[in-house]
Amino acid sequence: MILDANEAWTVDLYHSLIPELIKLDVAMIEQPFPAADDEALRSLARPIPICADESCHDRASLPSIIGKYDMINIKTDKTGGLTEAMALKEQAEQAGLQIMVGCMLSSSLSMAPAFVVAQGCEVVDLDGPLLLSEDIEHGFEFNNNQMLPFTAKLWG
């Protein structure tokens, strides 16, 4: 189980929740503190990996993330596209960070580049098309917990 705190926690809340979340076998916590106020992560014990989301946009974000986070959530919408997302993934891995690939609410056409970035990543959350009332024709197929590879028909 992973949790997305969406920048809502304080340091006191973090301290009170961590022992309980360890008991629940939580695997990762995403963005517990506001991006502008996450410096406390440098000195806090992180028995559960902490993943940067709002604190990570592209490669320019990496210097401020290293030492505070254990993972980053790469979203192609935030990076500006596939090229920057792939470069961010490579540099983050070289820096010892684990990778999550996530998404915003979007169609399968928007998920296709993220699907490429997601190969070999620890956590993948590309459910954007499932949250739409209707996806594009020939979009991704989902089978239980798996996102099946797209076909050439996705491109029209």
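The values are calculated or read from the model by the stated rules, or taken from the named source; none is laboratory data. Note that this is a predicted model, so its numbers are computed, not measured. Backbone-built Cβ (ideal geometry, glycine too); neighbour counts: all protein chains shown. Surface accessibility is based on the protein's heavy atoms, side chains included, excluding ligands, DNA and RNA. Shrake-Rupley method; radii C 1.70, N 1.55, O 1.52, S 1.80 Å.
When the alpha carbon gyration tensor of the chain is reduced to an equivalent ellipsoid, the three semi-axes, largest first, read 29, 18, 13 Å.
In this Cβ point-charge picture (+1 for Lys and Arg, -1 for Asp and Glu), the stretch 62-156 has a dipole of about 220 debye about its Cα centre.
Among Ile99, Ile74, Ile22, the largest mean-square fluctuation in a Gaussian network model of the chain, built with springs joining Cα atoms closer than 10 Å, belongs to Ile22.
A crude spin-label estimate for the pair Arg46 and Met86, with each label 7 Å from Cα along the Cβ direction, gives 2.7 nm.
Probing with 1.4 Å while keeping every protein chain in the model, the per residue accessible area of the chain equals 53 Å².
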